[in-house]
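Notes for the one structure printed next.
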Amino acid sequence: QVQLVESGGGLVQPGGSLRLSCAASVSIFSLDAMGWYRQAPGLERELVATITTGGFTNYVGSVKGRFTISRDIAKNTLFLQMNSLKSEDTAVYYCNARTRLTTHWGQGTQVTVSS
């Protein structure tokens, strides 16, 4: 069973930055991919960014150039650096991990962008 624990959310002003972390209970190399999703009130959960075991990254268009997904392999931790935050980035952010047969989710961390 893969456990994922997110941290780093909070309240930030527009234009500010936050870094989210996701600690995995297993080696990152045992996973096919990891990623970040978000869900705003009244909307469906959407993909934000993913990274494969080989290090290939993918971003939703609305965050390209502002968000960066990365990982610390030694610490089995996934990160999402979020810069130039906008009010529309407000959402609960979820860490995701996939193997060939299973999908796992963290509990989510709230990010609120407001002045």
Inset, instruction - Beta carbons within 10 angstrom, averaged per residue: use that to sort the peptides 103-109, 7-13, 55-61, highest first. - result: 103-109, 7-13, 55-61
Legend entry - GluC sites (Glu not before Pro) lying in DSSP loop within the range 33-95, provided at most 16 other Cβ fall within 10 Å: Glu44
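Restricting to bridges with both residues inside the chain, how much of the DSSP beta-bridge set is antiparallel, in percent to the nearest 5? Walk me through the numbers before you get to the answer.
Details: 38 of 41 bridges.
Taking every DSSP beta bridge within the chain, about 95 percent pair in antiparallel fashion.
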Inset, instruction - Keeping all protein chains in place, calculate the accessible area per residue for the chain (probe 1.4 angstrom), answer in Å². - result: 52
Legend entry - Contour excess over end-to-end distance, with Cα ends at Ala40 and Asn83 and 0.36 nm allotted per residue: 13.6 nm
Legend entry - Charged-residue dipole, Cβ positions (Lys, Arg, Asp, Glu), the chain about Cα centre, Debye nearest 20: 180
Inset, instruction - Please identify, among Ser87, Ser70, Ser21, the residue showing maximal mean-square fluctuation in a Gaussian network model of the chain using a 10 angstrom Cα cutoff. - result: Ser87
Inset, instruction - With a 1.4 Å probe and every protein chain left in place, tell me how much accessible area Arg45 has, in Å² to the nearest 10. - result: 90
Inset, instruction - Show the residues, 5+ positions off or on another chain, whose built amide H is closer than 5 Å to the amide H of Val48. - result: Trp36, Tyr37, Arg38
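Given a 1.4 Å probe and every protein chain left where it sits, what share in percent of the accessible area of the range 1-110 is carbon and sulfur?
Percent of accessible area from carbon and sulfur atoms in the range 1-110: 50.
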Inset, instruction - Could you work out which residue, out of Thr102, Thr68, Thr90, moves most in a Gaussian network model of the chain, that is, has the largest mean-square fluctuation with Cα springs under 10 Å? - result: Thr102
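The values are calculated or read from the model by the stated rules, or taken from the named source; none is laboratory data. All values derive from a computational prediction rather than experimental measurement. Methodologically, a virtual Cβ is constructed for each residue, glycine included, from the backbone with ideal geometry; neighbour enumeration extends over all protein chains shown. Please note that ligands, DNA and RNA were not included when accessible areas were found on the heavy atoms of the full protein model with its side chains. Shrake-Rupley method; radii C 1.70, N 1.55, O 1.52, S 1.80 Å.
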